[in-house]
Amino acid sequence: TTPALTKWNKRNLSWRVRTFPRDSSLGRDTVRALMYYALKVWSDITPLNFHEVAGSNADIQIDFSKADHNDGYPFDGPGGTVAHAFFPGDHHTAGDTHFDDDEAWTFRSSDAHGTDLFAVAVHEFGHAIGLTHISAIQSIMRPYYQGPVGDPLKYDLPYEDKVRIWQLYGVRESVSPTAKPEATETDNHPFLPELPDNRTTVPLRKDVPHRCNANFDAVAQIRGEAFFFKGKYFWRLTRDRHLVSLQPAQIHRFWRGLPLHLDSVDAVYERTSDHKIVFFKGDRYWVFKDNNVEEGYPRPVSDFSLPPGGIDAAFSWAHNDKTYFFKDHLYWRYDDHARRMDPGYPAESPLWRGIPSILDDAMRWSDGASYFFRGKDYWKVLDSELEAAPGYPQSTAKDWLVCSDLQADGPENEVRAEGARTGARSRPGQHDESRSDSGYEVCSCTS
Amino acid sequence: APAPRTEDLSLGVEWLSRFGYLPPPDPVTGQLQTQEELAKAIAAMQRFGGLEATGVLDEATLKLMKTPRCSLPDLAVPGARRKR
């Protein structure tokens with residue numbers, strides 16, 4: 001007898017590790033990374049997207065519990081039952097996944113020492129998305145623990161499991177049902193230590209852009225804060241224009257649901273009608289409620305009556321509450337409340353005099369002014385004015401991203417400049433990439 | 001084959017009920033099962049676990065029952081089936 005099949009009707013599922021193992025050699029970041037990779041095993045081949053959230057409303061709540069934990073499936077100490085998960089559905093526990101905290105959870109350890117958390121998590125998340133047990137010896141959905149399954153970054157599901165999950169959700173675009181997937185790019189994903197430890201930081205990638213010499217892909221005011229996007233990264237400034245971190249955060253680690261392969265965005269703005277955040281890239285756009293993508297996206301930009309090819313910039317002008325889209329020398333005026341383009345557009349040349357005819361992006365700011373960005377410069381237009389304020393353009397790096405004149409010329413000067421700013425002395429020829437010797441620490445928060 | 005020890009039989013019946021091979025305990029008869037039902041359940045468990053389906057609670061079957069595993073049942077609990 002096979003239980004009735006259940007599956008998720010939505011394709012974007014949130015997850016969260018609510019409780020961590022208490023006496024484990026695995027650090028919290030390692031546990032989170034293993035959960036990420038175990039979910040990725042399934043999302044790599046199906047149109048499901050998983051994103052980690054901090055709140056209590058995650059679809060998949062992950063807990064490490066002991067003995068009876070009030071769900072009808074009590075754990076039984078070391079050995080025996082090691083984990084379980086609830087099938088999809090409308091019940092509030094649907095998708096929830098529990099691991100027995102009495103097991104000796106391991107990662108990259110031999111079979112003889114404990115239970116491999118990644119292997120068990122892949123199995124349990126199979127249940128969480130609707131798969132039942134199967135007797136096939138090769139299947140990860142066999143009910144018995146069969147030891148570690150190898151490197152989480154290279155794990156490939158057995159064919160039986162692929163077929164069964166495809167029957168539920170279909171095949172992910174770009175996945176061939178007959179081809180063995182190639183090893184994916186790993187440097188986009190959480191860091192997994194060689195040996196279990198309690199690392200709390202993720203090493204910076206080599207392709208991280210420098211805020212002091214970047215021309216930004218997109219700039220937006222979101223919930224009163226400024227966001228500067230460049231490539232796969234963004235910087236965030238508080239309402240009083242303090243940079244949250246000198247190091248950028250990865251876009252997809254904060255904006256949950258954007259495709260991992262998205263290498264940049266074209267334009268971003270917050271809708272005044274419902275305060276949702278709209279991301280544009282090429283012919284497509286995504287709508288976010290807070291930092292989670294809404295169901296049904298991406299959608300074509302033709303929804304806005306914009307032509308194919310995408311846009312360069314988008315912003316909502318405080319003066320008339322209309323949204324302006326820019327592409328090359330053209331611009332459009334859109335009514336977000338009526339959800340339609342105003343007649344007579346596109347028009348040529350921007351409405352505002354003294355700003356470039358081609359923009360990188362624009363935003364309104366809480367001082368009532370509008371800011372237009374192009375290259376390394378920005379222009380300020382005061383509320384209701386139709387001309388850039390005198391004295392502009394100014395340097396975006398200097399005025400918004402805490403760079404000195406020296407730094408704005410190039411990142412190679414940054415150590416010297418920041419050392420000078422913080423009062424630390426740099427010896428000639430010394431290259432201090434970590435800046436820790438100057439007593440200057442950098443923190444980066446991505447969630 | 002030698003008859004299984006009482007504690008093994010008890011463990012086996014509890015295990016088979018928990019993972020969906022035997023119906024849940026009857027309120028009148030408790031855990032009592034007929035020998036035939038028990039043998040069928042053991043055979044089903046052996047087939048699912050990749051063992052030879054003998055219906056006998058032998059060493060290999062008991063070893064598999066003691067293997068760490070997922071808490072969810074392998075089969076839908078028979079007593080939980082709905083009427084048409």
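Peptides A:267-278, A:219-230 ranked from most to least packed by the mean count of surrounding Cβ atoms within 10 Å: A:219-230, A:267-278.
Sequence-ordered 3J(HN,Hα) estimates for the range A:270-278 from the Karplus curve with 6.51, -1.76 and 1.60 and θ = phi - 60° stand at 9, 5, 6, 5, 9, 6, 7, 10, 10 Hz, glycine and proline given as x. Across the range A:1-91, the relative contact order, built from alpha-carbon pairs under 8 Å that are at least six residues apart, equals 39 percent. The value of relative contact order for the range A:268-339, using C-alpha pairs under 8 Å at least six residues apart, is 24 percent. Taking amide H atoms as placed 1.01 Å from N in the peptide plane, the amide H of A:A83 lies under 5 Å from those of A:D100, B:S71, each 5 or more residues away in sequence or on another chain. Seen from a random direction on average, the alpha-carbon convex hull of the range A:354-394 projects onto 2.7 square nanometres.
Spin-label model, A:R339 to A:A67: label points 7 Å out along the Cα-to-beta-carbon direction sit 5.4 nm apart.
Taking each residue as 0.36 nm, the span from A:T93 to A:S384 lengthens on full extension beyond its C-alpha to C-alpha distance by 99.6 nm. Considered as an equivalent ellipsoid built on the Cα gyration tensor, the range A:75-178 has semi-axes of 24, 18, 11 Å, the largest given first.
Among the residues of A:333-345, the average count of other protein chain beta-carbon atoms within 10 Å of the residue beta-carbon is 0.
Here the range A:4-76 is treated as a sphere whose radius is the Kirkwood value from Cα pairs; by Stokes-Einstein at 4 °C and 1.567 mPa s it diffuses with a coefficient of 93 µm²/s. Where a ≥ b ≥ c are the square roots of the eigenvalues of the C-alpha gyration tensor, would you call the range A:282-389 rounded, which needs a/c under 1.5, or, failing that, prolate if a/b is larger than b/c, or oblate? Prolate, because a/c is 1.5 or more and a/b exceeds b/c. Summed over all non-identical Cα pairs, the Kirkwood treatment of the range A:216-303 gives a radius of 13.1 Å.
Close amide-amide hydrogen proximity is noted between A:L13 and A:N49, A:F50, A:H51, each under 5 Å apart and 5 or more residues distant or on a separate chain (H modeled in the peptide plane; Pro and chain starts excluded).
Any read-out appearing in this document is the output of simple, stated calculations on the displayed coordinates, not a laboratory observation. Owing to the predicted nature of the structure, the values given are computational and were not obtained by experimental measurement. Here the Cβ is made from the backbone with ideal geometry for all residues, glycine too, and neighbour counts use every protein chain on show.
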